[in-house]
Amino acid sequence: MPVARGVAIPLREVELRASRSSGPGGQHANVTASRIEAVFDVTSSESLSEEQKRRVMARCGPRVTAIAQDARSQARNRELALERLRARIAAALAVARRRRATRPTRASREVRLERKRRRGQLKRSRRADWD
């Protein structure tokens, strides 16, 4: 299962459990185990490096889980659960870009000062002279 650029998790590392779905559905929902829970154990993973494991555990904990019970079929819920798990792991692996300090442009400073001047002028014009 491809997760991020250069990172793929084999499906053997993902535990899939099926159980009965909650909510309405009548006789069909009462007899089929269509709810799927996908569990990925970060600590025992062989596909992630130590740095990636630390990053995922810091954001999601030692076990990442995703549940799907939206569809009637177990196969569709399996796809949904795996996709949600993939998205969760990818978000945990994402490294935020460092912010580069910038300075406001001359034009933006002039616009800001002009707005301040106009706002002050508007407030001065509203004043009632009680002198």
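Nothing in this text is a laboratory measurement; each read-out follows from the coordinates by a stated rule. For clarity, every value in this text was computed on a predicted model and none was experimentally measured. Positions of Cβ are generated from backbone atoms using ideal geometry, with glycine treated the same way; all protein chains shown enter the neighbour counts.
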### Highest average packing first - 104-113, 55-64, Cβ atoms within 10 Å
55-64, 104-113
### Message
Can you compute the modelled spin-label distance between Ser44 and Thr65, with each label point 7 Å from Cα toward Cβ, in nm?
### Response
1.6
### Task
Would you please put 34-43, 2-11 in order of how densely packed they are, using the mean number of other Cβ atoms within 10 angstrom per residue and starting with the highest?
34-43, 2-11
### Summary
One finds, for Arg5 and Arg54 with R0 = 22 angstrom and r their Cβ-Cβ distance, a FRET efficiency to the nearest 0.05 of 0.75
#### Entry: Extension gain from Arg84 to Arg103, taking 0.36 nm per residue of separation minus the Cα-Cα distance
2.9 nm
### Task
State to the nearest 20 debye the size of the charge dipole of the chain about its Cα centre, where the only charges are +1 on K and R beta carbons and -1 on D and E beta carbons.
1540
### Task
Work from the charge dipole of the chain (Cβ charges, +1 for Lys and Arg, -1 for Asp and Glu, about the Cα centre) and give the residue of Val111, Ser73, Val39 farthest towards its positive end.
Val111
## Note on the structure
What helix-only [θ] at 222 nm does the chain give? Using -39500 (n - 2.57) per DSSP H run of at least 4, over all residues, to the nearest 500, the answer is -14500 deg cm²/dmol
